[in-house]
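**Q** The structure is given below, and queries will be raised subsequently.
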Amino acid sequence: MADQPQTGKVSPLRPLLFILLIAGIIIAVRVFHLDQYLEKERLRQFVAGYGVWGPIIYLLVWAIAPPLFLPGLPITLTGGVLFGPFWGVVYTSIGSTTGATLAFLVARYLARDWVAGKLAGTKLLALDEKVAQQGWEIVAFTRLIPIFPFFLLNYAFGLTRIPLLPYVLATFFGMLPLTVAYVYFSANVLDLLQGKFSKELLIGVILVALVSLIPFVYKKIKAKRGESANL
């Protein structure tokens, strides 16, 4: 999910933006004295009080976010905070895959010409050729190595020849490592707002650091082989 979709290059800005986002939240909490309201167990009990409606609303937000070009990272982090590491991963994986699938279907059956116009002049139009060569593997690759913005990628795959089921499965499993890392981190980040740096938070930081390194490791491997890391 790079900042320049035209280039298709792996951007170093994503981890930095993530760090700045977390830092901004921590500063805001401290300045406005919100830490007393952001104790994770209290929040999760509050959400649990709504029964099935809590997860349903979260899944609905995820379902409409990609088709409406809304960023997915804040929603992912919210899932970890509100539902914890296990259910946060479950709901986020289901919700993000659902939203990605809806955008895919819109591009394929309802707004093909409009999507093609939006993607004109970008590297995303090369996906059809890549799908013809690699099939579902290119879907999994672009989910694991976030080269392009998530919401644009969903629409772009709708213009390709990949069948629906391989797209859905590759999207779900391709995004799973990133989902686990970000949700586990956000599930424990409220400890930091309470002035604690727990073992669980440290594990979350390590997971985020590891998945953030995947694009750079991939780029180095491709460079050693004399191959381009771009689509």
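Derivation of every value follows stated rules applied to the coordinates shown; laboratory data play no part. No experiment lies behind these values; they were computed from the predicted model shown. So basically every Cβ, Gly included, is an ideal-geometry build from the backbone, and we count neighbours across all protein chains shown.
**Q** How big is the charge dipole of the stretch 105-195 about its Cα centre, in debye rounded to the nearest 20, if each Lys and Arg gets +1 on its Cβ and each Asp and Glu gets -1 on its Cβ?
**A** Working: 7 positive and 5 negative charges, 48 e Å.
Using only the charged Cβ atoms, the result is roughly 240 debye.
**Q** Using Cβ contacts closer than 10 Å as the measure, can you line up I56, I138 from fewest to most? Write out the running numbers ahead of the final one.
**A** Values: I56 12, I138 22.
Sorted ascending by nearby Cβ count, the order is I56, I138.
**Q** Then there is this: Sort I221, I75, I203, I147 so the one with the fewest other Cβ atoms within 10 Å of its own Cβ comes first. It would help to have the intermediate numbers written out before the result.
**A** On the way: I221 11, I75 18, I203 15, I147 22.
Least crowded to most crowded, the residues run I221, I203, I75, I147.
**Q** Here's another thing I want to ask about it. What's the FRET efficiency of V61 with L110 using the Cβ-Cβ distance as r and R₀ = 22 Å, to the nearest 0.05?
**A** Values: r = 21 Å, r/R0 = 0.96.
FRET efficiency, V61 to L110: 0.55.
**Q** What's the center-to-center distance, using Cα atoms, between the stretch 158-192 and the stretch 52-68 in Å?
**A** Between the Cα centre of the stretch 158-192 and that of the stretch 52-68, the gap is 15 Å.
**Q** Would you list V217, V189 from fewest to most Cβ contacts within 10 Å?
**A** On the way: V217 11, V189 22.
Fewest-to-most Cβ neighbours within 10 Å comes out as V217, V189.
**Q** Pop out the Kirkwood hydrodynamic radius of the stretch 130-186 from its pairwise C-alpha distances, inverse of mean 1/r, in Å to one decimal. Don't jump to the answer; show the numbers that get you there.
**A** Details: mean 1/r = 0.0860 Å⁻¹.
The answer is 11.6 Å.
**Q** Taking the Cβ of V205 as the centre, find all other residues whose Cβ is under 12 Å away and add up their charges (Lys, Arg: +1; Asp, Glu: -1). Each step should come with its number before you reach the end.
**A** Values: positive: K199; negative: D191, E200.
Here the count lands on -1.
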